[in-house]
Protein chains: 2
Amino acid sequence: MSDIQQQFAHRLKELRAARGWSLARAATETGVSKAMLGQIERGESSPTLTTLWRLAKGFDVGFSTLIEPVDASSGSFQTRVTPPDSALTVKTLLPFVADLHTEMLDVEIEAGGMRESDSHRQGVIECVLVQSGELAVYSDARWHRLQAGDAYRFRADQPHAYRNESQDKPAQFLNLLVYR
Amino acid sequence: MSDIQQQFAHRLKELRAARGWSLARAATETGVSKAMLGQIERGESSPTLTTLWRLAKGFDVGFSTLIEPVDASSGSFQTRVTPPDSALTVKTLLPFVADLHTEMLDVEIEAGGMRESDSHRQGVIECVLVQSGELAVYSDARWHRLQAGDAYRFRADQPHAYRNESQDKPAQFLNLLVYR
DNA sequence: CAGGGTTGTGCGTTATAGCGTACAATCGTG
DNA sequence: CACGATTGTACGCTATAACGCACAACCCTG
């Protein structure tokens with residue numbers, strides 16, 4: 001029995017309990033046998049992809065939520081201003097939280113300023129939403145020019161950079177990182 | 001053979017081709033046998049959870065990305081302003097796109113204005129990031145007061161509402177919806 | 001060209017996923 | 001209390017996941 005099998009055993013029990021379903025009811029909703037559901041919940045069996053898919057549909061959750069729970073609690077969280085360095089002011093609007101796989105920054109880059117960024121981990125997608133000014137984004141080996149109101153997405157698992165094209169005014173953009 | 005099995009067959013081939021790995025190399029990286037990888041790619045087998053997990057780790061992708069690809073192409077997308085109605089101006093900064101499971105709105109609500117919202121689908125999480133003004137958010141059967149710079153998350157698969165607490169000035173907030 | 005290395009497929013074997021059924025335990029009702 | 005309904009577990013059977021190995025086809029190098 002593997003760790004993921006154990007984790008999923010616990011998760012399936014959670015999903016079922018949250019809906020107040022018996023094994024029989026869950027079997028009806030998902031099309032997976034009662035006996036098999038029991039085996040999975042006790043960690044005695046590692047379900048196939050086909051069975052996992054049935055479970056996701058029957059429980060009406062996305063595939064990733066089937067495995068990894070989303071924190072359903074409500075609550076405040078803090079935005080945060082990173083101390084300004086030579087060219088950039090970064091305010092973290094939505095800090096990275098594991099269950100949402102998302103992070104959002106409000107970035108201001110001074111007139112003529114530029115910032116390079118290392119690659120993020122494999123598969124991270126970045127969306128740049130220009131709020132004001134003239135911004136250029138470097139990705140896929142070239143610069144892309146953006147105006148206020150423009151938006152641009154690219155893979156952030158490669159080196160990339162931001163540059164304020166104006167020599168007079170700062171530029172401001174929202175930076176959304178989606179980790180999938 | 002199920003639809004998801006066929007979909008995954010195609011996806012696994014994609015993942016492997018993208019890295020330029022042979023079946024033997026992929027077997028080494030994932031700990032899943034070459035013969036089994038071949039069976040999966042030809043849609044002849046539905047891998048168990050344990051095997052899926054090994055694949056995710058070996059290919060260094062999140063579990064959901066193992067099944068559903070993220071569009072890796074770069075490109076601009078349009079922000080959009082919804083015509084104002086009686087109390088609200090909505091600008092869609094990031095329209096919903098299926099592969100990111102995310103949507104972002106810039107909302108301005110006039111002095112004293114209020115808006116109720118129906119439930120979204122099961123499991124949607126909403127983050128409200130107040131940019132200016134005094135906002136109250138209704139969720140979990142009660143109102144939560146927020147100031148500029150405050151942020152609040154809650155489950156959006158329940159009825160919820162927004163209200164500008166000020167009778168003098170509009171309030172503005174960013175609204176991030178994460179569908180998981 | 002021949003030979004060695006690489007690649008993907010097919011086969012047979014073993015372990016286990018998935019099921020229907022039976023049943024013990026528990027619960028609720030008359 | 002007895003009885004019926006419900007719930008979760010165990011069992012035996014069938015189908016298939018997963019593997020190691022052999023091999024045909026292809027590619028590259030001397």
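Structure above, values below:
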| read-out | value |
| --- | --- |
| For B:Leu146, residues with placed amide H under 5 Å, excluding near neighbours | B:Leu135, B:Ala136, B:Val137 |
| Solvent-accessible area per residue, Å², over chain B with all protein chains present [probe radius 1.4 Å] | 45 |
| Calculated over the protein assembly as shown: convex hull of Cα atoms, volume per residue (Å³) | 149 |
| Test item: Cα-centred dipole of the stretch B:3-67, Lys/Arg +1 and Asp/Glu -1 on Cβ, debye | 180 |
| Shielding by other protein chains, B:100-107, mean Cβ within 10 Å | 4 |
| Pairs of Lys in the protein assembly as shown closer than 19 Å at Cα, counting only those 8 or more apart or on different chains | 8 |
| Accessible carbon and sulfur surface of the stretch A:3-67 relative to its total accessible area, %, 1.4 Å | 47 |
| 3J(HN,Hα) from dihedral phi, the stretch A:164-180, Karplus parametrisation 6.51/-1.76/1.60, rounded to Hz, x for glycine, proline | 7, 7, 8, 9, 10, 10, x, 10, 10, 9, 9, 10, 10, 10, 10, 9, 10 |
| Kirkwood estimate for chain A, i.e. one over the average of 1/r between Cα atoms, Å | 19.3 |
| Buried area at the B-A interface (accessible, heavy atoms, 1.4 Å probe, summed, Å²) | 5000 |
| More than 16 Å apart - percent of Cα-Cα pairs taken over the stretch B:80-179 | 54 |
| 10 Å Cβ neighbours from other chains, averaged over peptide B:58-65 | 5 |
| Rg(Cα) / (2.2 N^0.38 Å) computed for the stretch A:1-74, rounded to two decimals | 1.01 |
| Averaged over A:125-134, number of beta-carbon atoms from partner chains that fall within 10 Å | 3 |
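The values are calculated or read from the model by the stated rules, or taken from the named source; none is laboratory data. Since the model is a prediction, treat every value here as computed from it, not as a measurement. Every residue, glycine as well, gets a Cβ built from its backbone with ideal geometry; the counts of neighbours run over all protein chains shown. Surface areas here come from the heavy atoms of the whole protein model, side chains and all, with no ligands, DNA or RNA. Shrake-Rupley method; radii C 1.70, N 1.55, O 1.52, S 1.80 Å.
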